[in-house]
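Coordinate-derived values only; no laboratory data. Since we're looking at a predicted model, the values are computed, not measured. Note that we place each Cβ from the backbone using ideal geometry, even for glycine, and neighbour counts take in every protein chain shown.
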Amino acid sequence: MSPLRLAAAFLSVMVLALSPQAMAQDFSKSPEMTLKLGHMSPGTEENPYHLLALYLEKHLPEKTGGKLKIQIFHSGQLGRDRELLEAIQFGTLDLAVITTSPMTNFVPAYTVLDYPFIFRDWDHVEKVMAAPWMEEFKAESQRAKFHTLAFVPRGFRSVTNSKVKIYKPDDMKGLKLRVIESPIFVDTFNALGASAQAMSWGEVFTALQQGTIDGHENALNTIFDERVYEVQKYVSLTQHIFAYAAFVASPPLFSTNCLKSIRTSSNRPPLRV
């Protein structure tokens, strides 16, 4: 199993770590509820966003005596990251798996996760995820009227392009590269010599196909799932920024007993191989 799948599966196990006592107390007399969970990634078992959703869909009813069920909306059926987050804030969506970079417009503190070259390797990522201050860090999202239950490590981001092999920063000079709509991403690639083009993900494949941009950067699982290799010639393991997603809940759901009993782990790192 890949690191991405293991990390997502482990996170799901932690989210569903309900004690028998909590189950008996919180769910024995509770009405049945179907929770809506949205994400923008493809509905495949290889995708960490969808793998987490599938795990919840399968095991949440078991852990709650059939009281809680999950209805999954994948592949952007309910919108992209920003739309999903706004739905979470307004309480029209219960749960979502959202890329953390667009969340920085709502939670400035999360910007630190986008700083380039701050994570050495997966061991370093694991230590950060297990740090005592992580619970306080996740709680920063409450200022923006949603609750971050856990972060999902996705892997290091790398650059694809249709023109040159990249071995050093100078090789990126002049390349028009799509980046996430984040000032840190734009500044990072402009500093490396590329021409950073902030762009919504929904426009990227067509822009690559038509040559409007020369390349882009992303986590390897997204490069594969979104079939970017069909319109790009090179992928370079630049590993410039580590990619995260966040598992988030709406304020109305968080205030109910069902979510008060769902706990994430603050003292164990994500698994990997």
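R0 = 41 Å: FRET efficiency of Q71 with Y229, Cβ-based, nearest 0.05?
Calculated value: 0.80.
Give the Cα extents of the range 157-242 along the principal axes, in whole Å, largest first.
Ordered largest first, the range 157-242 gives principal extents of 27, 25, 25 Å.
Compute the relative contact order of the range 157-242 as a whole-number percentage, counting only Cα pairs closer than 8 Å that sit 6 or more residues apart in sequence.
Relative CO of the range 157-242 lands at 47 percent.
Quote to one decimal, in nm, the extra length available between R80 and H59 on full extension: 0.36 nm per residue of separation minus the C-alpha distance between them.
The span from R80 to H59 would gain 5.0 nm if fully extended.
Which of F224, F117 comes first, and how do the rest follow, when ranked by fewest Cβ neighbours within 10 Å? Before the final figure, lay out the partial values.
On the way: F224 16, F117 11.
Ranked by crowding around the Cβ, least crowded first: F117, F224.
Expressed as a whole number of Å, what is the distance separating the alpha-carbon centroids of the range 154-218 and the range 37-54?
Comparing the Cα centres of the range 37-54 and the range 154-218, I get a distance of 25 Å.
Determine, from the Cβ-Cβ distance of D187 and W133 and an R0 of 41 Å, the FRET efficiency 1/(1 + (r/R0)^6), rounded to the nearest 0.05.
Working: r = 26 Å, r/R0 = 0.63.
Once rounded, the FRET efficiency stands at 0.95.
Treat the count of other C-beta atoms within 10 Å as a stand-in for reagent exposure and order E126, E46 from fewest to most.
The fewest-first ordering by Cβ neighbours comes to E46, E126.
Among residues other than L192 whose Cβ falls under 11 Å from its Cβ, what is the net charge (Lys/Arg +1, Asp/Glu -1)?
In short, -2.
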